[in-house]
């Protein structure tokens, strides 16, 4: 790989988590190892985020580039004005993201031609395909929803076969290496009663068999379990392909299947990821961010009214908690005064997280606070949030189940006591890594309650992005709901960076 830039073809890119990680990898001389040639994404707001970040990478080292980017972030100029200052780089970024949202399957003529042109222009230099076909049909939650659809047949759901679009690209690009990510549910998903995963593996090993296009074969490796036979990697359990992100410096228990495909003519075998010494907690990841208050969704939102409501709630919460815990009186539940619902000022200290992660978040640049704005909540939910956060604090990090809520706080849901939604209100404990950040965070904040009862709120987009390890200067475009979806669907960039380093070492001569 010496002195050769590795072409990256990024499929189903979302807001760019995998691409961000790969594009950050540098060799010993400090040169970027990977260059993203194309990023394919069909959702409009995620595509806009993807393009903005592609543009940022192209201007950040230019004279005035960071100043111009920060001017856009602060609202001093529009996105178009920013792009107009660097027309060459703007054109390159738009080309990289295909001038607009594109969907594999629907827009294959455009996508495949662009990939073929890139591969031809790149010559003999190494190539990597990365990406994860959308996972709704594989996820356990998605399958549960599908089970409730009359006459639903998995074999008729095109989403179950989007990985075949990935196979077509493998046949066209014939990369040295590919990385495919998906939810753990892909290991158990069934079509016509038959588990799909073995068939998916076989197709990835031999794309020609599935596409009919002449293609090389691939060896499929786990990134966390050593293969007993490195020339013919086969694993005892399909769960050997599962990466538990909390073991690799990511502050959330995100469990994803990530497959590393290596072209069969490459004799060198990849190393596995290096486990972290310790896990990173939610508090370590987000506690330095500016404190914020939530708002009211059903009435006029005023700071004094919020402080009064939360203050009045504290006495009720203490009375309820005394029935279950000792030491409740010493608990400080009085709300912070004069809190805002958003913050956009520069932040300076980031001392709690391990240095490697702190450097990653901050990128050694002065950083303006982005996407750090709270939602509004119903008065009754504010009471439940504060109760849940206080309960979690007193229990040493165990969030209350529905059975732990007193009747006075029970929402008007028929299935509240059934146990089927026992975690409907969940606090992300300060002293533990977070639960999996998913796109469901866009629906409401009930499953992502901030651990601090004095702020009485759910997590912001920026806090969710921290748990997903996006750098602080990574701007999510679109409205807030769209931003939450983007963050929840992404691959953690800090994990992607580690995978990128594995690929770099594999391709080294």
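The values are calculated or read from the model by the stated rules, or taken from the named source; none is laboratory data. Predicted, not measured: the structure shown is a model, and the values here were computed from it. Because the Cβ atoms are built from the backbone with ideal geometry, glycine has one as well, and the counts that use them run over all protein chains shown.
Pairing each residue of segment 227-238 that is over 20 Å from residue 273 (Cβ atoms) and not assigned by TED's automatic domain parsing to the domain that holds residue 270 with any residue that is surrounded by 10 or more Cβ atoms within 10 Å (Cβ to Cβ) and at pLDDT 90 or above, provided the two are 6+ apart or on different chains, yields no C-beta distance under 6 Å. The conditions are (1) assigned to a loop (DSSP other than H, G, I, E, B); (2) more than 27 Å from residue 356 (Cβ to Cβ), and residue 309 fails exactly one of them. Which is it? Checking residue 309 against (1) assigned to a loop (DSSP other than H, G, I, E, B); (2) more than 27 Å from residue 356 (Cβ to Cβ), the one that fails is (1). The single condition among (1) within 18 Å of residue 463 (Cβ to Cβ); (2) in contact with a strand residue (DSSP E or B) (Cβ under 9 Å, 6 or more places away or on another chain); (3) modelled with pLDDT under 90 that residue 373 does not meet is (3). Only residues that are out of contact with any strand residue (DSSP E or B) (no Cβ under 8 Å at 6 or more places or on another chain), surrounded by fewer than 22 Cβ atoms within 10 Å (Cβ to Cβ) and either at pLDDT below 95 or within 21 Å of residue 491 (Cα to Cα) (or both) were counted across segment 238-266, and they come to 5.
Among the residues of segment 345-353, at least one is surrounded by 12 or more Cβ atoms within 10 Å (Cβ to Cβ) and not in a loop (DSSP other than H, G, I, E, B). Does segment 456-473 contain any residue that is crowded, with 23+ Cβ neighbours inside 10 Å and more than 27 Å from residue 44 (Cα to Cα)? Yes: segment 456-473 contains one or more residues that are crowded, with 23+ Cβ neighbours inside 10 Å and more than 27 Å from residue 44 (Cα to Cα).
Filtering segment 434-453 down to residues that are modelled with pLDDT of 95 or more and surrounded by fewer than 24 Cβ atoms within 10 Å (Cβ to Cβ), which residue is farthest from the chain's Cα centre (by Cα)? Filtering first and then ranking leaves 452. Put simply, of 424, 384 the only residue that is touching a residue at least 12 places away in the same chain (Cβ under 8 Å), assigned by TED's automatic domain parsing to the domain that holds residue 301, farther than 17 Å from residue 282 by Cα and assigned to a loop (DSSP other than H, G, I, E, B) is 424. In the set (1) without any contact (Cβ under 8 Å) to a residue 24 or more places away in the chain; (2) farther than 25 Å from residue 329 by Cβ; (3) in a helix (DSSP H, G or I), the condition left unmet by residue 416 is number (3). Which ranges mark the helices (runs of 4 or more DSSP H) fully within segment 1-82 that have 1 or more residues being closer than 30 Å to residue 508 by Cα? Fully inside segment 1-82 and qualifying: 17-23, 44-59.
Anything in segment 207-221 that is buried (at least 16 other Cβ atoms within 10 Å of the Cβ) and over 25 Å from the mean Cα position of the chain (by Cα)? List them, or say none.
Kept after step one, since they are buried (at least 16 other Cβ atoms within 10 Å of the Cβ), are these residues of segment 207-221: 207, 210-211, 215-216, 218-221.
Result: 207, 210, 211, 215, 216, 218, 219.
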